[in-house]
1. Identify all residues within region 83-96 that are assigned to a loop (DSSP other than H, G, I, E, B) and buried (at least 16 other Cβ atoms within 10 Å of the Cβ); write none if there are none.
2. In region 236-246, how many residues are among the hydrophobic types (A, V, I, L, M, F, W, C) and crowded, with 23+ Cβ neighbours inside 10 Å?
3. Answer yes or no as to whether Asp117 is in contact with a Gly (Cβ under 8 Å, 6 or more places away or on another chain) and modelled with pLDDT under 90.
4. Hey, Tyr109 hits all of (1) without any contact (Cβ under 8 Å) to a residue 40 or more places away in the chain; (2) in contact with an Asp or Glu (Cβ under 7 Å, 6 or more places away or on another chain); (3) hydroxyl-bearing (Ser, Thr, Tyr) but one; which does it fall short on?
5. Among the residues of region 183-210, which ones are under 23 Å from the mean Cα position of the chain (by Cα) and either assigned to a strand (DSSP E or B) or not basic (Lys, Arg) (or both)?
6. Consider only pairs whose beta carbons are under 6 Å apart and that are at least six residues apart or on different chains; among these, list those whose first residue lies in region 230-242 and is under 12 Å from Asp147 (Cα atoms) and whose second residue is outside any helix (DSSP H, G or I) and small (Gly, Ala, Ser).
7. Working only within region 251-276, note down all residues that are among the hydroxyl-bearing types (Ser, Thr, Tyr) and more than 18 Å from Phe237 (Cβ to Cβ).
8. Test each condition in (1) touching a Cys at 6+ places or on another chain (Cβ under 9 Å); (2) crowded, with 18+ Cβ neighbours inside 10 Å for Gln206 and report the one that comes out false.
Amino acid sequence: MNDAIISNLHRLPRDIDLVVGIPRSGLLAANLLSLTANIPMTDLDSFVAGKAFSSGSTKRQSALVREISDMKKVLVIDDSILSGTSMRNARTRVSASGTAAELIFSAVYGLPEARSDADFVFEALPPPRIFQWNFMHHGFLEQSCVDIDGVLCLDPTEAENDDGPAYEKFLSQARPLYGPTRKIGWLVTSRLEKYRALTEAWLTSQGIEYGELVMLDLPSKAQRQRLGAHGSFKADFYRKSDAILFVESEHAQAATIARLSGKPVLCVETHQVVYPNTLSLPRLEQMMRNVPHRIRTANTYAGRREIVAKVARLTLGKNRYETLRKWVRKPT
C-alpha cells in the first residue's frame, strides 16, 4: 500500500490541506499519505465533528495546526473500493457536515474501470482480492481452510510443546494472534485428535466460529514427527474439500500444501500466496508487486540485476538461491 501511495503522489493536487481516513482500513492509508506528504490528517468521524488530529511535537508547523474551517481542499481516502457502499456513506456524511472545502474522494485500490463513487484511485486492482490487513475479516473465510497454531494463536514454545501437562496448559491459555471476524469453513490443524476437547474449549472462549475442526488422528507427538505428515495431512484434506484457499502459518508447510493439493495457500509467515506452480503467472505478478516500486522502475543495469535477484530469492527460497548463486560464480 505504501508503494502504491508513494508512486502515485505526483498525480494528486499539490494543494491538499487535509487527509481524512474512512474507518477502519482507510485510516492506515490516510496515515501513510499524511506522513509521506507531511499533510494533516483526521478520521471521518472527527472531520464531521470539526476536529483534526494533532501533529506531534516534532511536526509543529503552522501548516499542520490549522483549524478544520481553514482547510480548503480535503482528500477523503479508503484502502479500497469495490461495491462503493463505504465511499457513498462517506460522501453522505461529509455533505451533511456542511463543509465548504473542495472534496476529493479516493481509494488506494479500485476496479480497473472508472467509478463515480471515487474521484481518484491510486492503483487498479481487479477482484478477487484480499489484503494483508483484512484477510481474517473477509467473506472468503467461510470457503477456506485455516491453520490454528501460528494463525489463530501463537505457536507453543519448545518448553510448552511437551505433549503433556505443559502442552495442555498451552492449549487452554494460548495467546490469540489473528482474530477472525467471519466464520471459518474448516479449521485444519496438526494438533492431535486427543486434544480436541481442549481445542474446542479455547475456540469457544475466543468466539471463533467454524464449520468443522479437522485434527491429526495419531497417538503422540513423537509419531507425528516420525511420519512428518504435517503438510501432507493438511494438503490431502484441502485437495478433497471445496475450499478455495488454505491459510497456513509456516512457509515450508505452505509450499508442501500448495504442491500436493494443487491449490493456492496464503502463508502468514511471509504474507504471500504460494501457488502450486511457483513459476505461474500469478506468482510472478505477486513477486513483482512485492518488489519496492523504486527498484521495479530502475532503468540501470544494476537495478535490473537486483530485480532478477529478488525474484530468484522469492522463487527458490533463500537456501536454494544461495546454493545456485555460489554454483554460478564457480570458475569453469
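1. Initial filter on region 83-96 (assigned to a loop (DSSP other than H, G, I, E, B)): 83-84.
Of everything in region 83-96, just one residue is assigned to a loop (DSSP other than H, G, I, E, B) and buried (at least 16 other Cβ atoms within 10 Å of the Cβ), namely Gly84.
2. The total comes to 1.
3. Values: in contact with a Gly (Cβ under 8 Å, 6 or more places away or on another chain): yes; modelled with pLDDT under 90: yes.
Against the criterion (in contact with a Gly (Cβ under 8 Å, 6 or more places away or on another chain) and modelled with pLDDT under 90), Asp117 qualifies.
4. (1)
5. Within region 183-210, Ile184, Gly185, Trp186, Leu187, Val188, Thr189, Leu203, Gln206, Gly207, Ile208, Glu209, Tyr210 meet the criteria.
6. Final answer for the pair search is His230/Ser190.
7. We begin by selecting, within region 251-276, every residue among the hydroxyl-bearing types (Ser, Thr, Tyr); these are 256, 261, 270, 275.
Selection gives Thr270, Tyr275.
8. Condition not satisfied by Gln206: (2).
The values are calculated or read from the model by the stated rules, or taken from the named source; none is laboratory data. A quick note: this is a predicted structure, and the numbers were derived from the prediction, not measured. Backbone-built Cβ (ideal geometry, glycine too); neighbour counts: all protein chains shown. In case anyone asks, the SASA skips ligands and DNA or RNA and just uses the protein heavy atoms, side chains included. Shrake-Rupley method; radii C 1.70, N 1.55, O 1.52, S 1.80 Å.
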